[in-house]
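Quick notes on the structure that follows.
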Amino acid sequence: MGIQLTINPIKSWLPTIDNPLLISGPCSIESEEQAIETAKLLAKDKRVFVYRGGLWKPRTRPGSFEGVGSIGLKWLQQVKKETGLPVGTEVANAQHTEEALNAGIDVLWIGARSTASPFVVQEIADVLKGSNAVVMVKNPVNPDVQLWMGALERVNRAGINNLVAIHRGFTPFRDTEYRNYPSWKTVIELRRLLPNLPIISDPSHIAGKREFLFKISQKAFDMGLDGLMIESHIDPSCALSDKDQQVTPDELSAILDRLVIRNESTSNPQFENQLDMLRSRIDAIDTELLEMLASRMEIVQKIGTYKKENNVTALQINRWSELMNNRVKTGKELQLNETFVKILFQLIHEDSVRMQTEIMD
Ligand code: PEP
Ligand code: MN
């Protein structure tokens, strides 16, 4: 299903932007002092364009700090007054949205747990109608690009064109080094579906630990994302939520200093020529790969007919294990990644079996 959303570029609502879009501030606003002191330090680094602070905190389990709530809206207003930075917070229902809009909050984001619920998103979208707020939609907790897109569409249909998607990673099924595993292929798919939608990354919620922030942020830039949302706190060791993943404003600046920001293209003609040449070689190789796959399938078809005539099953497990072992071995000799070779041959084999069972039907 091809859809077209009218989406404004970041520069149209943030004219001072000098790529990338960097958003920072505490996971949770805890007090007026914490909000403002953190903001003042952040504002010293001119690479920070938006201040974030959670007021209503969606906690996975009850009993932990659930945010200061509405009282913090005026502290965010104060941050804006004192630093000049636009301010943003998470909204998770109609009431939050109404209050945030009435308080003149510039950026409203929909959290990962809310994006997973179309009813919640619709309720928020209904309140957003007629406003010119900037709305950011985090990915849902499960890697479902349609659900993510659905939420963006609901907000867009409410007339919100200042729209951004945030990749904050997905709930892992088992223990991994990260709190939420990044799925760059889901991000690439969203970019393919909505090419004019700005997408930023939230390495804090992907990482869960501050030591991984640099690595994930660099990866986001390498993938051509448009910015980052990184949690920062004046004293992370005392933070009331997400203390392991927050950094001080100084630590944030140190991370930013190390990051290499890549351009999607360059005006250097020599680079463009070289790239064009390499790309045409890739195109030619891909065509050859497809032609070879087609020849392979032709043989598979012959084998299928032959098996049918001799009343033999399409799948022969011994042959399959032997084939896989050999392919992985050859792949290794050719310096190919083992997992990649395995997945590739699983796919090829799956389709070969499908073809042979069709012949037998
Ligand atoms: C947050 O940004 O503080 C937050 C709770 O995010 P998420 O919805 O990604 O968990
Ligand atoms: Mn957080």
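The values are calculated or read from the model by the stated rules, or taken from the named source; none is laboratory data. Predicted, not measured: the structure shown is a model, and the values here were computed from it. Cβ placement follows ideal geometry from the backbone for every residue including glycine, while neighbour counts extend to all protein chains displayed.
Just a few scattered comments:
- Residues (more than 11 Å from ligand 2 (Cβ to nearest atom) and either buried (at least 21 other Cβ atoms within 10 Å of the Cβ) or in a strand (DSSP E or B) (or both)) located in the stretch 233-246: I234
- Looking only at the stretch 20-62, and only at residues there that are of a type in the set (V, I, T) and in a loop (DSSP other than H, G, I, E, B), the one that is farthest from ligand 1 (Cβ to nearest atom): V48
- For beta carbons closer than 6 Å, sequence separation of 6+ or different chains, a first residue in the stretch 25-48 that is assigned by TED's automatic domain parsing to the domain that holds D250 and a second that is of a type in the set (D, E) and within 16 Å of ligand 1 (Cβ to nearest atom), the qualifying pairs are C27/E231; C27/D242.
- In the condition set (1) away from ligand 2 (no atom under 16 Å from the Cβ); (2) closer than 19 Å to L147 by Cβ, D175 is compliant with all but (2).
- If the condition is being surrounded by fewer than 16 Cβ atoms within 10 Å (Cβ to Cβ), in a helix (DSSP H, G or I) and within 21 Å of the chain's Cα centre (by Cα), then the stretch 1-19 contributes only K11.
- Unique residue being closer than 19 Å to L108 by Cβ, in a loop (DSSP other than H, G, I, E, B) and either modelled with pLDDT under 95 or more than 16 Å from ligand 2 (Cβ to nearest atom) (or both) when the list is L73, L85: L85
- Flag: S241 does not match the condition of being over 15 Å from D202 (Cα atoms), without any contact (Cβ under 8 Å) to a residue 40 or more places away in the chain and hydroxyl-bearing (S, T, Y).
- Close Cβ contacts (under 7 Å, 6 or more residues apart or on different chains) running from residues in the stretch 277-293 that are closer than 18 Å to F345 by Cα to residues that are surrounded by 10 or more Cβ atoms within 10 Å (Cβ to Cβ) and of a type in the set (V, I, T) are absent.
- Any hit, the stretch 103-124, residues being outside any loop (DSSP other than H, G, I, E, B), of a type outside the set (A, V, I, L, M, F, W, C), in contact with a Pro (Cβ under 6 Å, 6 or more places away or on another chain) and within 16 Å of ligand 2 (Cβ to nearest atom): yes
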